[in-house]
Amino acid sequence: MTPLTFSSSADAPRQAARLVARTFRLDADTLAKLPGGVSSLMGDGARVWLHPGTQLVAHGVAARLELPHGIEGGVAWIKEALASIEAADAVGRPGCGPVALGALPFDRTEPAALVVPAQIVGAAPDGTAWVTTIGEGAAPAPHLERAEGHRRSPDSFTLRSALPHEEWCGRVARAVADIQQGALSKVVLARAVDVEANRPIVVEEVLRRLTALYPSCAIFHVDGFLGASPELLLSRRGRAVSSHPLAGTYAVSADVDADRRFAEVLRRSAKDQREHRFVVDAVAAALAPECASLEVPSEPSILSLRNVMHLGTPIHGQLAEAAPDALTLAARLHPTPAVCGTPREAAEAWLGAHEGIRRGLYAGLVGWVDARGDGDWFIGIRSATVDGARARMVAGVGVVAGSNAEAELVETQLKLQAMLAAIIRP
């Protein structure tokens, strides 16, 4: 079936009405044939979303939802299009029925697209699992088949920084100088590293390693863009909404006592606290007008991962009755000072003039939204873009007054370890 294409609020609901979605619960016998759970279905071509909250593995495309002007052109019509698809849902969980998923660029104006998959297999934390199929005129029968790996993994790799260390550090120093002169308060400077292997990188294997290394993160794959993001931008379940902004980083060691001391150093760091507060204030200010109530802790907590720890602030709220869907809310928040800087316009202008790389999907939005408006959107960090035997990994650091260029370089190296450990297996 040729996928339908929707590109505007004018015709999307009418076109979407041509589609039919059917969601069935997967019984115990079917699940027994998938010993790895829904993740056993993820081949290199699958679109994957694995998170402790909701797991989705999608194949095929029933419709493309195109955003020719990026998220700046508006995304509310996507939920309206999903709601126009005829649906029979025997499960009724978030992520059931018609779903749009994918990744959207960092640049709000860059053309983008999400997809409505032809088939999605999902699982909830309590073990409930389902399959949704979507087609034109009638939903096709489910096709559940474990992914079988037949390709040899690469065993030789070369790494190259997109910019020499000295040149990149010079850009950090330039950012600090501009901040001190009052041009902006914070800017997030990204650094890219390119990997070339002797054979095509096996995406499925990378995803499995990421799942083992970072089980609390959102593991994702969309058309070669993959990663393990720790940063929740926006989650919606009914009227409940949450965000978990991160900013401020320190290394994790193998010594528990040492890590306790490092966590205390991070908590007391004026530089990291300032960087973190910029993000929390921006997220809270954007959510508050849509919420009947909003809880924002006065002090951050520590989020500890395998290789780094971050300052994080879990924000929870209850949306007002007519609040927007998850994607619309996430688009309003993006980009936060965690991945761009503040003030936003000044930081975006600085990055355009000085960063020197095209971010693409890095630090954009990655996730899903369903026809109810529920969904999860994370920031596309700790990520890489894979193209055959090549991969580009990107990591960013928040530069504020008092930042040290060499220390910021080390922080990018720590963050890049997340993808390096999953991609490179000599």
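The values are calculated or read from the model by the stated rules, or taken from the named source; none is laboratory data. Just so we're clear, the structure is a prediction, and the values are computed from it rather than from any experiment. Using ideal geometry, Cβ is built from the backbone for each residue, glycine included, and neighbour counts are taken over all protein chains shown. The accessibility values were calculated without ligands, DNA or RNA, using every heavy atom of the protein model including side chains. Shrake-Rupley method; radii C 1.70, N 1.55, O 1.52, S 1.80 Å.
Side notes on the structure shown:
- Taking every residue in the stretch 253-266 that is touching a residue at least 12 places away in the same chain (Cβ under 8 Å) and pairing it with any residue that is surrounded by 11 or more Cβ atoms within 10 Å (Cβ to Cβ) and polar (S, T, N, Q), at least 6 positions away or on another chain, the pairs with Cβ-Cβ distances below 6 Å are ASP259/SER253.
- The listed residue being over 21 Å from GLY224 (Cβ atoms), surrounded by fewer than 24 Cβ atoms within 10 Å (Cβ to Cβ) and out of contact with any Phe, Trp or Tyr (no Cβ under 6 Å at 6 or more places or on another chain), out of ASP107, ASP89: ASP89
- Matching residues in the stretch 1-46 - criterion: being assigned to a loop (DSSP other than H, G, I, E, B) and acidic (Asp, Glu): ASP11, ASP27, ASP44
- ALA405 vs. criteria open to solvent by 20 Å² or more (accessible area, probe 1.4 Å), over 17 Å from ILE71 (Cβ atoms), over 15 Å from the mean Cα position of the chain (by Cα) and aliphatic (A, V, I, L, M): yes
- Selection from the stretch 159-193 of residues that are among the polar types (S, T, N, Q) and in a loop (DSSP other than H, G, I, E, B): GLN181, SER185
- Note on the stretch 2-19: residues that are under 20 Å from GLY95 (Cβ atoms) and either open to solvent by 50 Å² or more (accessible area, probe 1.4 Å) or more than 28 Å from the chain's Cα centre (by Cα) (or both) amount to 0.
- Options ALA173, ALA124, ALA177, ALA162; residue that is in contact with a strand residue (DSSP E or B) (Cβ under 7 Å, 6 or more places away or on another chain) and among the aliphatic types (A, V, I, L, M): ALA162
- Note on the stretch 252-269: residues that are surrounded by fewer than 16 Cβ atoms within 10 Å (Cβ to Cβ) and of a type outside the set (D, E, K, R) total 5.
- Every pair of residues 6+ apart whose Cβ atoms lie under 9 Å, when the first sits in the stretch 383-395 and is open to solvent by less than 10 Å² (accessible area, probe 1.4 Å) while the second is part of a strand (DSSP E or B) and among the acidic types (Asp, Glu): ALA391/ASP194; ALA391/GLU196; MET393/ASP194
- Close contacts from the stretch 48-73, counting a first residue that is basic (Lys, Arg) and a second that is not in a strand (DSSP E or B), with Cβ to Cβ under 7 Å and a gap of 6+ residues or different chains, come to ARG64/PRO3.
- Selection within the stretch 47-104 - in a loop (DSSP other than H, G, I, E, B) and touching a Pro at 6+ places or on another chain (Cβ under 8 Å): PRO52, GLY53, THR54, GLY60, VAL61, ALA62, PRO68, HIS69, GLY70, SER84, ILE85
- Taking the criterion of being open to solvent by 20 Å² or more (accessible area, probe 1.4 Å), charged (D, E, K, R), part of a loop (DSSP other than H, G, I, E, B) and under 27 Å from ASP370 (Cβ atoms), the only residue of the stretch 270-325 that qualifies is GLU321.
- Verdict on GLY248 being in contact with a His (Cβ under 6 Å, 6 or more places away or on another chain) and either part of a loop (DSSP other than H, G, I, E, B) or at pLDDT below 95 (or both): yes
- On the stretch given as the stretch 204-222, residues that are surrounded by fewer than 17 Cβ atoms within 10 Å (Cβ to Cβ) and within 15 Å of PRO125 (Cβ to Cβ) total 2.
- Test: residue in the stretch 149-162 that is closer than 30 Å to HIS276 by Cα and open to solvent by 10 Å² or more (accessible area, probe 1.4 Å): yes
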